[in-house]
1. Grab the Cα-Cα distance for B:ALA353 and B:ALA41, subtract it from 0.36 nm times how many residues apart they are, and report the gain in nm with one decimal.
2. Could you give the dipole magnitude of the stretch B:193-445 about its Cα centre, charging the beta-carbon of Lys and Arg +1 and that of Asp and Glu -1, in debye to the nearest 20?
3. What's log10 of I(q)/I(0) for the protein assembly as shown at q = 0.09 Å⁻¹, Debye sum over Cα points only, no solvent?
4. What spacing in nm lies between the two simple spin-label points modelled at B:ALA108 and A:ARG225, each 7 Å away from Cα in the Cβ direction?
5. So how far, in whole Å, is the C-alpha centre of the stretch A:115-165 from the one of the stretch B:209-261?
6. Which of B:LEU203, B:LEU152, B:LEU25 moves the most in a Gaussian network model of chain B with Cα springs under 10 Å?
7. Ignore the peptide's own chain and count Cβ atoms of other chains within 10 Å of each Cβ in B:134-144; give me the average, rounded.
8. Of A:LEU100, B:ILE378, A:LEU53, whose Cα points farthest to the positive end of the dipole of the protein assembly as shown (charges on the beta-carbon: +1 Lys, Arg; -1 Asp, Glu; origin at the Cα centre)?
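Here, each number is a calculation from the coordinates, and none is a lab measurement. Keep in mind the model is a prediction, meaning the values are calculated, not measured. Positions of Cβ are generated from backbone atoms using ideal geometry, with glycine treated the same way; all protein chains shown enter the neighbour counts.
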Amino acid sequence: MTTHPALEVTGLTRTYGDGPNAVHALAGVDLAFAPGSFTAVMGPSGSGKSTFLNCAAGLERPSAGRVLVDGRDVTEDDEDARTRLRRERLGFVFQGFHLLPYLTAEQNVGLPLRLAGRRSDRARVRGLLERVGLADRAHHLPTALSGGQQQRVAIARALVTEPAVLLADEPTGALDTITAHEVLALLRDSVDTLGQTVVMVTHDPVAAAYADTVVFLVDGRVAGRMDGPTADAVAGQLAHLDQLTRVVAS
Amino acid sequence: MTGLAWASLRHRVTANASTFVSVLLGAALIGAFATLAQTGAGEVSADDAETLRIMGIVVGGWGSAIVLFSVASTLGITVRQRAEEVGLLRVVGATPRQVRRLVLAEAAVVTGVAAVLGALVAWPAGFVLLALLRNGGMVSDTVEYGGGPAALAVTVVLVVLTGLLAAAVTARRTTGGPATLAIAEARSGAGRMRWWRVLIGLLLVGYGVAMAVVTITVTAHDSDPYAAMSTSGSSSILVGIGLATLSPLLLRWLSSACAPAVGRTGVVGWLAAWNTSRRPHLLGAVLAPVIVLTAGAAGVLMLVGIDHRTIGAGHPEGDTINLLNNLVTGMIVVFAAVVVVNAFAAVVAGRRAELQRLRLLGATPTQVERSVLAEAGIVAGIGVLLGLVASLATVVPFAVARDEGVVPDGQLWLPVLVAVATVALTLVAARSAVRRLGPLTGAVR
Ligand SMILES: Nc1ncnc2c1ncn2[C@@H]1O[C@H](COP(=O)(O)OP(=O)(O)OP(=O)(O)O)[C@@H](O)[C@H]1O
Ligand SMILES: [Mg+2]
């Protein structure tokens, strides 16, 4: 039996504008993420990290290259198919939490199931809230939750459909170090105990150290990778990359 | 501060365009009747002066009440929508006072320009109105149009002051409290209603009901058959505006009551039910004009019908009075309809980010559109129900006064027609508001 990567991109290219003003946000990225792996994507600001996530999620169409989710090529999918892909095979966690303000924590977590036309599975939703440590906050509205708690609700919501990949764009960007640790430990735990595949964009070497692998992007290209990262090693590599970019820019 | 106001004006085109249209139309309506009052104050016979004064002040006065209410509620939406931005400005160090000045500057620009343009429309509109009165023989042919700068200036001042007052009240609400709290409130869109607003609403409803009682007990027995009409004719509008003032409160109660049932219809109804009941201020702004539209149209049209069946057709004053009534109704209907459409456009435009979030989570464009339509359905249903209840304040006492009994003898299809038309209008308004947003997917950064 062959196992496909949970997410795979080949020759992924995304260009904004054309002519001399064209911005090559992604310039041919080849990456594969094995099921149950936790990968951090790092790189200087503007290196194409968010663009990569957006293309993988079908929110942006790549200019060239392919995106495969669970071995299925989704590059040419129409908008309907992309929508189905998002709600069935992908989970999202963003810096800005993205909860619906008029739904309680429990209702927010169950929302993707309802959107997919399934009944909100109470036991499953409760189980996830318990997993993220918010069982006692199930009936609170987002405004009554702290930033870290809101992000934990967002993680529970991303996990509820058992997605092939959980995509996270700077999930701890708006959180303090202690709260960030809780959120990262939660992502790590979902990989270890649920076999969840996680791809996380981050600026923070400490956050990246929670991952199995770090991939470095520079100017829309993969500029290196590091297995079994530590915060110090990642920070050192980043400083080096920064130097690289400055040389390229001058 | 003014530069910032300009920039933010351009940023919120839809919401500001809605305010602009409401104010312009409102100023045109009030101004047209104000020119009649001014004409009446000129060199005309005592009879003509009386007719013009009644037209200008009574009819115009009623129109003004509705128009000003609508302007206030539309401006309320725009200012409320800025709560999140206000919170941000507060966090980066703007004082509540600075923020209020920004909000007021923006409101002043929009209402000022719109009111002046509306007054320019009012001038010829008043001319046409007077010509209609002359042709209908309601004033003598010798009456010359006397509308001028005075009437128009009063109109502009009145409209702009109302707008600024509404903006100031809402701005005070959104800027008060510590900076972080401002953001939290913005996200919830909930919040309590102020006591004075509840009081005003209750007083209006109470006054309308009292007038209804007076009609049945006193004016029904008056020798002048139109005495009953003068006490009951405006009751439906009064009670309607009173209920509209209480709209966030009523929406929360009533939509919470029907939320479980609507929620069982599927994810679309489920989202709509929670949105309306947990953020009643948001859609309360749409509910208000729906109530006034239904109450005014059903109440006054039934009134005219009852009068026509009983004595109106044979009475010398009947035609004049019913022309006036129809004029008022027409005015209310057109205006309230415009406000419903505008209010929906403004509310939906302000929710773009939230609807986008739904798409991101895997809602199809159809699901998003239907959830907004379901909200519109809930609002329309509740609004029509409340509006019809309000219309009873006119219909029942007048029917009793004219010996038709509690239930009028005819035209019972009329309220049904008004209800169906209002619901249809609300749904169409919602649909066009969502469609105007364009595609909701795209990169998230
Ligand atoms: N809509 C757009 N039009 C033009 N250029 C764009 C657009 N979106 C992104 N870019 C450019 O593409 C490049 C990559 O952007 P991206 O958001 O992926 O960077 P990032 O690595 O996520 O940066 P950050 O760490 O600051 O979030 C940047 O140079 C950006 O300016
Ligand atoms: Mg980014």
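1. Gain on extension, B:ALA353 to B:ALA41, equals 107.0 nm.
2. Its charge dipole is roughly 1900 debye.
3. Ignoring solvent entirely, the Cα scatterers give -0.84.
4. Going from the B:ALA108 label point to the A:ARG225 one covers 6.2 nm.
5. Centre-to-centre (Cα) distance: 46 Å.
6. With Cα springs under 10 Å in chain B, the top fluctuation among B:LEU203, B:LEU152, B:LEU25 is at B:LEU203.
7. 0
8. A:LEU53
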